[in-house]
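Accompanying notes for the structure given below.
The values are calculated or read from the model by the stated rules, or taken from the named source; none is laboratory data. Keep in mind it's a predicted model, so treat the numbers as computed, not measured. We place every Cβ from the backbone using ideal geometry, glycine too, and count neighbours over all the protein chains shown. Keep in mind that these areas ignore ligands, DNA and RNA; they rest on the heavy atoms of the full protein, side chains included. Shrake-Rupley method; radii C 1.70, N 1.55, O 1.52, S 1.80 Å.
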Amino acid sequence: MWESFYPEYHKVGPPYVTADVIQAILPNAKLLVSFRDPTARLFSGYVYFNLKREKTASAKAFHDKVVSELSWFKTCTSNRSIRACAYSARDGVRIHVGLYSVYTKDWLERFPPDQLMFLKLEEWGSNCTGILPKIYKFLEVSTLTSSRIQEICSWKTRNANAKNLEAVGPMLNKTRDLLRKFYRPFVKELADMLNDTRFLWDYLDS
């Protein structure tokens, strides 16, 4: 844990993050950042890791873990900054991973915007042929022909967690409501930070 190395930063968060390491070694690096709806990402991650490690997962158990983690986060932020708590990872459902705006701010403080390309994961399947050429252009590499891009985008993809999610069943509505309420201000902050309403998903609609 970073706190053991920098106890004086306990309340504000680590003075150095992964972005500092990359910036020091590759200051001109071009970086692709992909975001997924944080609520969906959290449930998918829970199912994947729990079935992999503990061989068991359920929507009810996920709900209980979410309630516990939200309680911990509220307690943590009562005497520490949101950033410090976001970087204080705990075992469990890892709600902190979905606090995209907190981490994005750190990356933008270390890299200029033209070295970062932000992608919405949900759009990849529906607009691969539109996104892929933009990625090549951003990376400043030779793009492929339209037919080759079409071919690549037609490749079948497989979600390794799909069967697990089907077996566990859907997230409980009450859990979804809790998470959407929790993530809503961070989603809005991310969209404002990037000036891109795509990253609101539909969190402001409810």
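The residues of segment 45-191 present an accessible area of 59 Å² per residue when probed at 1.4 Å with all protein chains retained.
Among the GluC sites (Glu not before Pro) within segment 128-206, those in coil by DSSP and having at most 14 neighbouring Cβ atoms inside 10 Å are Glu140.
Could you pull out the longest piece of the chain with no exposed loop trypsin sites (Lys or Arg not before Pro) in it, calling a site exposed if DSSP puts it outside H, G, I, E, B and it has at most 13 other Cβ atoms within 10 Å?
Counting at most 13 other Cβ atoms within 10 Å as exposed, the longest clean stretch of the chain is 56-155.
For the pairs Lys52/Lys137; Lys65/Lys156; Lys30/Lys120; Lys74/Lys105; Lys55/Lys181, note any where the Cα-Cα span goes beyond 27 Å.
Working: Lys52/Lys137 38 Å; Lys65/Lys156 34 Å; Lys30/Lys120 17 Å; Lys74/Lys105 21 Å; Lys55/Lys181 30 Å.
In this structure, Lys52/Lys137; Lys65/Lys156; Lys55/Lys181 lie more than 27 Å apart at Cα.
Would you mind getting me the FRET efficiency between Lys188 and Ala160? Use the beta-carbon distance for r and R0 = 30 Å, nearest 0.05.
Values: r = 31 Å, r/R0 = 1.04.
Taking R0 as 30 Å, the efficiency between Lys188 and Ala160 is 0.45.
I need to check one value: relative contact order of segment 100-206, counting alpha carbon pairs closer than 8 Å and at least 6 residues apart, in percent. Mind showing how you got there, number by number?
Values: 42 pairs, mean separation 36.1, N = 107.
This gives 34 percent for segment 100-206.
Where does the longest stretch of the chain lie that holds no chymotrypsin sites (Phe, Trp or Tyr not before Pro) found in a DSSP loop with 12 or fewer other Cβ atoms within 10 Å? Display every interim value, and only then the final one.
Values: sites that count: Phe5, Trp155.
By the stated rule (loop sites, at most 12 other Cβ atoms within 10 Å), 6-154.
Relative to one another, the C-alpha centroids of segment 1-45 and segment 118-191 are positioned 21 Å apart.
Counting only C-alpha contacts under 8 Å and six or more residues apart, can you give the relative contact order of segment 17-162 as a whole percent?
Working: 97 pairs, mean separation 50.8, N = 146.
So the answer I get is 35 percent.
When only DSSP loop residues count, what GluC sites (Glu not before Pro) in segment 42-109 have their Cβ near at most 10 other Cβ atoms within 10 Å? Walk me through the numbers on the way to the answer.
Details: sites: Glu54, Glu69, Glu109; in loops: Glu54, Glu109.
Here the sparse-neighbourhood loop sites are Glu54.
Quickly estimate the mean residue ellipticity at 222 nm for the chain, helices only: each DSSP H run with n ≥ 4 gives -39500 (n - 2.57), and the total goes over all residues, rounded to 500.
On the way: 9 runs with 112 residues, N = 206.
When only DSSP H runs of four or more count, the value is -17000 deg cm²/dmol.
Relative to the current alpha-carbon distance between Val97 and Thr143, full extension at 0.36 nm per residue lengthens the span by 13.3 nm. Gain on full extension, evaluated as 0.36 nm per residue between Ser126 and Lys74 minus their Cα-Cα distance, stands at 15.0 nm.
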